[in-house]
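To keep things clear, I will list the structure first and then write my remarks on it.
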Amino acid sequence: MFADIKGLNEECGVFGIWGHPDAAKITYYGLHSLQHRGQEGAGIVVTDGHRLKGIRGEGLVNDVFNEKKLESLPGKSAIGHVRYGGAGKGGLENVQPLLFHSQSGSLALAQNGNLINANDLKHQLEMQGSIFQTTSDTEVLAHLIKRSGYLTFKDKMKNALSLVKGAYALILLTETELIIALDPNGLRPLSIGKIGDSYCVSSETCAFDLIGAEFVRDVEPGELIIINDEGLHAERFTLSSSNAMCTMEYVYFSRPDSDIEGINIHTARKNLGKVLAREVQIEGDVVTGVPDSSISAAIGFAETAGIPYEMGLIKNRYIGRTFIKPSQELRERGVKMKLSPVRKVVEGKRVIMVDDSIVRGTTCKRIVRMLKEAGAKEVHVCISSPPMKNPCFYGIDISTHEELIASEHSVEEIREIIGADSLTFLSVEGMLEAIGRKGYGKNCGQCLACFTGEYPTEIYPDTLLPHEKELNSY
Ligand code: SF4
């Protein structure tokens, strides 16, 4: 993934396991395979059947955990989280799982996604005396669960979930149960696996391969699943569910070796490239992809266009969070930290550069310039998704129109800004055909809001900034 340079960041990844002697270690490995979904914080909470204990910290999974720390987390069940500091912003207090203790029992929560009415609910709760320790919307859920007047934990959960709106792939841990819930639109992926007799749950199926678990099934929108020593019990907390899986999971966020609802991400991306090549019909000498997320689409494009695929750009893999970034002056003198062109591949060639999306346009502009400086005769930019014109309120950190170049500029204007010889985006219809989700009804059961402006949920005024309220008031 290349989240940091594109300016398009997923909020989080969640993982949980019930009934395994090495629960903390398995969760650590699970979080490793979800690291691309968040690099700013990680945490694990375990239960030994009597009490919950957790460790969390800022940084990568490896920065936060070592052998000794994992050994200090005994217990047969655990949940974990990797975080990108979006809605609640950064800071240790916002790193999940959030852990709460009370006389009636403890509770740990880890969430992927964004509650769009969190501010409203928080305001109401504060008026009723609640005090919040974090700025995370996940804490709102904890308050709603604890304050609910229902008797059983399951009914408290259902009551709390009926009040929140937006995107949430949620896992909770109590002393005796692992609880899973997915929002009524299923905006974020969440799958169940099994390792021996132990159930596990993960934001992406790639975690199952790493820990040797077999895939059982995807969690369905509006589903509430309780796992305990008696097994797995699934029911619905709402009957009004309608699939709207985030399309950008297929296009950009998820790992190529993950499957979402039966569709492999690499295959979907390759198909995006194939359909794009069919729509563009451009002439070129060589096709190259922007690593890592656009490689699959570039391979598909090359295959259909009958133009050789070459490694025209190389990603420097070893830049850590603490790397000393070059000054503006050094950057201008050509110090390139994250990507390098392969001169011998692009020199004198008409290069077709496939990328998965354009957000602000700054990265794309830099790459086009880099290819031209390396001798490319022409650079034709082909994007394997439609122009992103609208903000996302469901857990991706593009929350204003200003952050999106396509919201204020035509395709021709963007072409000029990025300095490409041509620029083409995939059509919405082409994207749906390429991903190939069948039998889901409207929009193939996908959220297309950032492309079309058609949001699968109502949009709450407090989610928007003042100028956006105007834009959304028609
Ligand atoms: S608006 Fe775009 S990024 Fe956000 S959930 Fe929908 S498809 Fe995904």
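The values are calculated or read from the model by the stated rules, or taken from the named source; none is laboratory data. Please read these numbers as outputs of a predicted model, since none were measured by experiment. With ideal geometry, Cβ positions are generated from the backbone for all residues, glycine too; neighbour counts draw on all protein chains shown. Remember, those area values only see protein heavy atoms, side chains included, never the ligands or the DNA or RNA. Shrake-Rupley method; radii C 1.70, N 1.55, O 1.52, S 1.80 Å.
For region 427-456: of the residues being of a type in the set (Phe, Trp, Tyr) and near the ligand (Cβ under 10 Å from one of its atoms), which is farthest from residue 247 (Cα to Cα)?
So, considering only residues that are of a type in the set (Phe, Trp, Tyr) and near the ligand (Cβ under 10 Å from one of its atoms), the one farthest from residue 247 (Cα to Cα) is 455.
Where residues in region 398-421 are within 22 Å of residue 250 (Cα to Cα) and crowded, with 22+ Cβ neighbours inside 10 Å, which of them is farthest from the ligand (Cβ to nearest atom)?
Per the criteria, the residue is 406.
Could you tell me whether residue 181 is in contact (Cβ under 8 Å) with a residue 24 or more places away in the chain, buried (at least 18 other Cβ atoms within 10 Å of the Cβ) and closer than 22 Å to residue 52 by Cβ?
Yes; evaluated as a whole, the condition is true for this residue.
Please indicate, with yes or no, whether at least one residue in region 463-474 is open to solvent by less than 50 Å² (accessible area, probe 1.4 Å), modelled with pLDDT under 85 and outside any helix (DSSP H, G or I).
Yes, that holds for at least one residue.
Just for region 257-314: of the residues that are buried (at least 22 other Cβ atoms within 10 Å of the Cβ) and of a type in the set (S, T, N, Q), which one is farthest from the chain's Cα centre (by Cα)?
288
Going by the structure shown, is residue 225 in contact (Cβ under 8 Å) with a residue 60 or more places away in the chain and away from the ligand (no atom under 16 Å from the Cβ)? Break it down into steps so the answer makes sense when it comes.
Values: in contact (Cβ under 8 Å) with a residue 60 or more places away in the chain: no; away from the ligand (no atom under 16 Å from the Cβ): yes.
Criteria not met by residue 225.
Which is of a type in the set (A, V, I, L, M) and within 25 Å of residue 246 (Cα to Cα), of 182, 151?
182
Taking into account only those residues within region 243-276 that are hydroxyl-bearing (Ser, Thr, Tyr) and either part of a strand (DSSP E or B) or farther than 28 Å from residue 346 by Cβ (or both), which is nearest to the ligand (Cβ to nearest atom)?
247
Test each condition in (1) more than 16 Å from the ligand (Cβ to nearest atom); (2) crowded, with 24+ Cβ neighbours inside 10 Å; (3) of a type outside the set (S, T, N, Q) for residue 218 and report the one that comes out false.
(2)
For residue 121, indicate whether it is open to solvent by less than 10 Å² (accessible area, probe 1.4 Å) and either more than 16 Å from the ligand (Cβ to nearest atom) or free of Cβ contacts under 8 Å to residues at least 24 places away in the same chain (or both).
For residue 121, the condition - open to solvent by less than 10 Å² (accessible area, probe 1.4 Å) and either more than 16 Å from the ligand (Cβ to nearest atom) or free of Cβ contacts under 8 Å to residues at least 24 places away in the same chain (or both) - is not met.
How many residues does region 136-155 hold that are surrounded by fewer than 19 Cβ atoms within 10 Å (Cβ to Cβ) and under 20 Å from residue 219 (Cα atoms)?
In the first step, residues of region 136-155 are kept if they are surrounded by fewer than 19 Cβ atoms within 10 Å (Cβ to Cβ); the result is 146-152, 154-155.
Still in the list and also under 20 Å from residue 219 (Cα atoms): 154-155.
Qualifying residue count, region 136-155: 2.
Here are the criteria: (1) more than 30 Å from the chain's Cα centre (by Cα); (2) open to solvent by less than 30 Å² (accessible area, probe 1.4 Å); (3) at pLDDT below 95. Tell me which single one residue 361 does not satisfy.
Every listed condition holds for residue 361 apart from (1).
Here is a yes/no grid of residues against (1) within 25 Å of the chain's Cα centre (by Cα); (2) surrounded by fewer than 16 Cβ atoms within 10 Å (Cβ to Cβ):
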residue	(1), (2)
49	no, yes
54	yes, no
58	yes, no
66	no, yes
73	no, no
76	no, no
98	yes, no
129	no, yes
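Mind checking which residues of region 3-35 are surrounded by 20 or more Cβ atoms within 10 Å (Cβ to Cβ) and at pLDDT below 95?
Residues satisfying the conditions are 6, 8, 9, 10, 11, 12.
In region 36-43, is there at least one residue being open to solvent by less than 40 Å² (accessible area, probe 1.4 Å), at pLDDT 90 or above and part of a helix (DSSP H, G or I)?
Looking only at region 36-43, we keep the residues that are open to solvent by less than 40 Å² (accessible area, probe 1.4 Å), and these are 36-38, 41-43.
Those left that are additionally at pLDDT 90 or above: 36-38, 41-43.
Filter once more, keeping what is part of a helix (DSSP H, G or I): 36-37.
Yes, there is a match, as at least one residue in region 36-43 is open to solvent by less than 40 Å² (accessible area, probe 1.4 Å), at pLDDT 90 or above and part of a helix (DSSP H, G or I).
If you go through region 373-397, how many residues are within 12 Å of the ligand (Cβ to nearest atom), open to solvent by less than 10 Å² (accessible area, probe 1.4 Å) and out of contact with any helix residue (DSSP H, G or I) (no Cβ under 7 Å at 6 or more places or on another chain)?
Number satisfying all stated conditions: 2.
For residue 211, indicate whether it is within 16 Å of the ligand (Cβ to nearest atom), among the aliphatic types (A, V, I, L, M), open to solvent by less than 50 Å² (accessible area, probe 1.4 Å) and under 23 Å from residue 83 (Cβ atoms).
Answer is no for this residue.
Being within 16 Å of the ligand (Cβ to nearest atom) and touching a residue at least 60 places away in the same chain (Cβ under 8 Å): is that true of residue 279 here?
Numbers: within 16 Å of the ligand (Cβ to nearest atom): no; touching a residue at least 60 places away in the same chain (Cβ under 8 Å): yes.
Spelling it out, it is not the case that residue 279 is within 16 Å of the ligand (Cβ to nearest atom) and touching a residue at least 60 places away in the same chain (Cβ under 8 Å).
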